[in-house]
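Structure, as structure tokens:
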Amino acid sequence: MRALVYHGPKNVTIDEVPDARIEAPTDALVRITTTNICGSDLHMYEGRTDVETGKVLGHENMGEVIEVGQGVVKVKVGDMVVLPFNIACGFCKNCTAGRTGFCLTVNPGSAGGAYGYADMGPYSGGQAELLRVPFADFNALVLPDDAREKEKDYTMLSDILPTGYHGTELAQVGMGDSVVIYGAGPVGLMAAMSAQIRGAAEVFVLDHQPDRLKLAERIGATPIDDSDGSGVQQVLDATNGEGADKGVEAVGYQAHDHTGEEKPGITINSLIQAVRPTGRIGVVGVFVPQDPSASDELAQQGEFAMDFGTFFFKGQTMGTGQANVKQYNRGLRNLIHRDKVNPGIIVSHELSLDEAPEGYQHFDDRENGWTKVLLHP
Ligand code: NAD
Ligand code: ZN
């Protein structure tokens, strides 16, 4: 089959690789119809991880089931399914508590599994013609008969819509809240949509990129252009000097300041300032563990000085981590089916698999208008 293969920093190509196949009785085999490029893929693409060369990338996957193992009882050949980026067993201590982003079975000794990702287990990605889906009955979410018609919306259920929602869950966004979201990338925009699903009264979205801020406005949020570094002050001014009730971080450790310099943690420290005393902050932007065994350059990346004093003094709370996609994707699927949300609004490009390397390049350059790229193998 053809697949997008990682060969080194900024070097991905479409190669012929062995076909994905059923390997365990609980597996399903899916023919991919849509698979997306994610901001998380850029951590690998830019060479900021130790992902092995030869890895097939792609964790935002949707398609048609073409074969099931003998132990699969619910999912059927012909079903259109969307797959959470998390691979989870469904029976470990974390999965049974709904924390499927931290499955203890699929990637022993680490924290959770995912398709086509560094340090998330040996699983191949879905930027390919075929994908092996472990524990298919648990992981595959079957879609209604408008699956093909609303493919642009449903494909967002694999990651970014539930991830945005997870940010608002970690921050406990509730009715009437004001919410400040750092980052107007796909995840930040989905967090803005989610905050409104949960009844927020006002949602501020901060970024430096005008095209993305325009989308935030289309979603119903108040865009805040932080390109002069005045973002925190603008939030304080808009909230009587108190700060927003809740905050969501949707940028990650690769954040840059308004001059364009990389400043890991600047978003966390800004949120501590922009959220009111006793407010909650949900962090879904990715931060990476210290790894003494990695190269010097990789070992310390993402390390930053958190303003813990202000965080403490303001009595704030912070929730973090990978999204437990499965906890939210069923409810969000139903909202899409009933036309209550339209996450596909942020899709800017739909490409063939062969065009994927160009898609990576444009998306990685944060080129004007390249917000979310869908691939159709
Ligand atoms: P993206 O890189 O497309 O978007 C990030 C946005 O942040 C960009 O628009 C950029 O201009 C903006 N930004 C950078 N520095 C900023 C700053 N100081 N203040 C305000 N905005 C700033 O990525 P994305 O696809 O939206 O993903 C965002 C993050 O979420 C990434 O770290 C990604 O890995 C992570 N993520 C986490 C999960 C999870 O389960 N927790 C899932 C998916 C993605
Ligand atoms: Zn993703």
Label-point separation in nm, residue 227 to residue 67, each point 7 Å along Cα→Cβ: 5.2 nm
Can you compute the label reach from residue 13? Point 7 Å from Cα along the Cβ direction, backbone N cut-off under 16 Å, restricted to segment 321-365. 354-358
Once amide H atoms are placed 1.01 Å from N in the peptide plane, what residues at a sequence separation of 5 or more from residue 125, or on another chain, have their amide H within under 5 Å of its amide H? 56, 57, 116
Residues with beta-carbon under 13 Å from that of residue 340, excluding residue 340: net charge, scoring Lys, Arg +1 and Asp, Glu -1? +2
For the chain, what is the mean residue ellipticity at 222 nm derived from helices alone (per DSSP H run of n ≥ 4: -39500 (n - 2.57); sum divided by total residues; nearest 500 deg cm²/dmol)? -7000 deg cm²/dmol
If we count every other residue with Cβ under 13 angstrom of residue 264's Cβ, Lys/Arg +1 and Asp/Glu -1, where does the sum land? -3
In this structure, the FRET efficiency calculated for residue 300 and residue 217 from their beta-carbon separation, with R0 = 30 Å, to the nearest 0.05, is 0.20
Interchain or sequence-distant (5+) residues whose placed amide H lies within less than 5 Å of the amide H of residue 203 are 179, 222
Once normalised by the length of the chain, the mean sequence separation of its alpha carbon contacts under 8 Å that are 6 or more apart gives a contact order in percent of 17 percent
Stretchable slack from residue 310 to residue 291, in nm (0.36 nm times residue separation minus alpha-carbon distance): 4.1 nm
Could you pull the Cα extents of segment 49-188 along its three principal axes, largest to smallest, in whole Å? 49, 39, 32
Hey, can you rank 334-343, 262-271 by average C-beta count inside 10 Å, highest first? 262-271, 334-343
Taking the Cα centre as origin and putting +1 on Lys and Arg beta-carbons and -1 on Asp and Glu beta-carbons, what dipole magnitude results for the chain, to the nearest 20 debye? 1460 debye
Intensity falloff of the chain expressed as log10 I(q)/I(0), Debye formula with alpha-carbon point scatterers, at q = 0.09, 0.11, 0.14 Å⁻¹: -0.48, -0.72, -1.20
Where the accessible area of segment 327-369 is counted over protein heavy atoms with a 1.4 Å probe, how much of it, in %, is carbon and sulfur? 38 percent
Hey, can you rank 18-24, 360-366 by average C-beta count inside 10 Å, highest first? 360-366, 18-24
For segment 55-137, taking Cα atoms only, what is the radius of gyration to one decimal and the Dmax to the nearest whole Å? 12.5, 35
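Carbon and sulfur atoms: what percent of the 1.4 Å accessible area of segment 164-320 do they account for?
Accessible surface attributable to carbon and sulfur in segment 164-320 totals 52 percent.
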Please give, to one decimal in nm, the separation of the simple spin-label points placed at residue 256 and residue 237, each 7 Å out from Cα toward the Cβ. 2.5 nm
Modelled label reach - residue 355, point 7 Å along Cα→Cβ, segment 205-219 residues with backbone N closer than 12 Å: none
Could you give log10 I(q)/I(0) at q = 0.12 Å⁻¹ for segment 164-320, computed by the Debye formula over C-alpha point scatterers of equal weight, without solvent? -0.45
So what is the relative contact order for segment 10-94, in percent, with contacts set as C-alpha pairs under 8 Å and at least six apart? 32 percent
When only DSSP loop residues count, what trypsin sites (Lys or Arg not before Pro) in segment 108-156 have their Cβ near at most 13 other Cβ atoms within 10 Å? 148
Enter the accessible area per residue of segment 164-320 (Å², integer; probe 1.4 Å; all protein chains in place). 43 Å²
With the 8 Å Cα cutoff and a minimum separation of six or more residues, segment 164-320 has a relative contact order in percent of 24 percent
Share of carbon and sulfur in the accessible heavy-atom surface of segment 2-71 [1.4 Å probe, %]: 47 percent
Testing the spin-label approximation: label points 7 Å from Cα along Cα→Cβ at residue 338 and residue 23. State their distance in nm. 4.0 nm
Go through 289, 220, 208 and say which Cα lies farthest out towards the positive end of the charge dipole of segment 164-320; charges sit on Cβ, +1 for Lys and Arg, -1 for Asp and Glu. 220
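The values are calculated or read from the model by the stated rules, or taken from the named source; none is laboratory data. It should be emphasised that the depicted structure is a prediction, and the values quoted were computed from it without experimental measurement. Using ideal geometry, Cβ is built from the backbone for each residue, glycine included, and neighbour counts are taken over all protein chains shown. Please note that ligands, DNA and RNA were not included when accessible areas were found on the heavy atoms of the full protein model with its side chains. Shrake-Rupley method; radii C 1.70, N 1.55, O 1.52, S 1.80 Å.
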